[in-house]
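Accompanying notes for the structure given below.
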Amino acid sequence: MSDDLRPALTDAPTSLYLVRHGETEYNRRGVMQGGGIDSTLNATGREQARALAHRFAPVDVDALYASTLRRAIQTADILAAEHESLSCTRLQDLREMDWGVFEGEPPSPERDASVDALKSAWRNGDYDRAPEEGESIRDVQGRVRRALRHILAQEEGGAALVVTHGRYLRVLLATLLDEYGLEHMSQFGHSNTCVNHVVFDEGQTRAERLNCTAHLAGNGASAAS
């Protein structure tokens with residue numbers, strides 16, 4: 001990870017809680033959903049977001065950020081309801097990857113084979129490979145870096161909750177965590193409303209938890225558990 005994505009040394013660590021939005025009908029049906037699909041949460045997604053809000057209710061959060069897509073905004077709004085003093089900052093750079101011609105496509109052998117070929121190219125290091133009319137992984141990583149620089153500059157020494165999207169989270173975590181890198185981004189799970197907790201402390205970056213959905217088990221888990 002480059003130094004411009006590390007907060008300055010402070011007396012207190014900086015925490016980022018990086019979460020995915022709740023479920024949409026596109027998620028449920030397996031339809032490709034990217035930056036050009038502005039879908040809303042379904043009933044399950046709203047329940048997931050309420051469970052996530054309950055998880056974060058006792059947690060001190062200094063700031064809330066969300067993608068400008070409605071599924072992320074709706075999730076963030078439900079989270080904000082548990083923190084009356086918290087307003088949501090919407091960032092265009094937190095939007096999901098643009099999947100181009102694949103967006104809105106339901107599962108099919110042809111679509112799946114094309115997407116698999118694209119992912120294979122990424123695993124082989126061709127991060128400039130993009131779906132037709134869409135973004136490459138390098139394009140997404142550029143937005144990730146801009147968003148992170150902004151958030152870390154604003155929230156140094158504090159805790160921020162960030163609501164974004166699945167593929168975006170994979171690129172973000174692979175960018176932050178040196179032990180992974182883009183070649184291993186497929187290792188990151190990204191369940192709906194999953195929590196990824198990344199801490200910056202004494203010049204080091206570590207993941208406290210990844211793809212955690214304990215709140216969906218109905219056990220009242222807090223963000224620190």
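The values are calculated or read from the model by the stated rules, or taken from the named source; none is laboratory data. Computed from a predicted model, the values in this text were never measured in an experiment. Cβ coordinates were reconstructed from backbone atoms using ideal geometry, including for glycine residues, and neighbour counts include every protein chain displayed. Ligands, DNA and RNA are excluded from the accessible area calculation, which covers all protein heavy atoms including side chains. Shrake-Rupley method; radii C 1.70, N 1.55, O 1.52, S 1.80 Å.
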Sole residue being at pLDDT 95 or above, closer than 15 Å to Val199 by Cα and open to solvent by less than 20 Å² (accessible area, probe 1.4 Å), chosen from Leu52, Leu64, Leu16: Leu16
Matching residues in the stretch 67-81 - criterion: being surrounded by fewer than 20 Cβ atoms within 10 Å (Cβ to Cβ) and among the charged types (D, E, K, R): Arg70, Asp77
Single condition Pro131 does not satisfy, out of (1) surrounded by fewer than 16 Cβ atoms within 10 Å (Cβ to Cβ); (2) more than 18 Å from the chain's Cα centre (by Cα); (3) under 27 Å from Arg90 (Cα atoms): (1)
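From Ala80, Ala76, Ala57, which residue is in contact with an Asp or Glu (Cβ under 6 Å, 6 or more places away or on another chain) and within 28 Å of Pro13 (Cβ to Cβ)? It would help to see each step written out before you state the result.
On the way: Ala80 fails: in contact with an Asp or Glu (Cβ under 6 Å, 6 or more places away or on another chain); Ala76 fails: in contact with an Asp or Glu (Cβ under 6 Å, 6 or more places away or on another chain).
Selected residue: Ala57, the only one of Ala80, Ala76, Ala57 that is in contact with an Asp or Glu (Cβ under 6 Å, 6 or more places away or on another chain) and within 28 Å of Pro13 (Cβ to Cβ).
What number of residues within the stretch 18-35 satisfy the criterion of being charged (D, E, K, R) and in a helix (DSSP H, G or I)?
Final tally of qualifying residues: 3.
Residue-wise test of (1) outside any helix (DSSP H, G or I); (2) open to solvent by less than 50 Å² (accessible area, probe 1.4 Å); (3) farther than 23 Å from Phe200 by Cβ.
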{"site": "His83", "(1), (2), (3)": "yes, yes, no"}
{"site": "Leu118", "(1), (2), (3)": "no, yes, yes"}
{"site": "Glu135", "(1), (2), (3)": "yes, yes, yes"}
{"site": "Gly142", "(1), (2), (3)": "no, yes, no"}
The stretch 152-200 - residue that is out of contact with any strand residue (DSSP E or B) (no Cβ under 7 Å at 6 or more places or on another chain) and among the β-branched types (Val, Ile, Thr) and, of those, nearest to His54 (Cα to Cα): Val171
Near pairs, Cβ below 8 angstrom, 6+ apart or cross-chain, from the stretch 70-99 (over 14 Å from Gly22 (Cα atoms) and free of Cβ contacts under 8 Å to residues at least 24 places away in the same chain) to any residue that is part of a helix (DSSP H, G or I) and not aromatic (Phe, Trp, Tyr): Ser87/Ala80
Verdict on Gln74 being within 27 Å of Arg28 (Cβ to Cβ), under 15 Å from the mean Cα position of the chain (by Cα), modelled with pLDDT of 95 or more and not acidic (Asp, Glu): yes
Tabulated pairs, the stretch 51-64, first within 11 Å of Ala160 (Cα to Cα) and β-branched (Val, Ile, Thr), second at pLDDT 95 or above and assigned to a strand (DSSP E or B), C-beta under 6 angstrom, 6+ apart or interchain: Val61/Ala159; Val61/Leu161
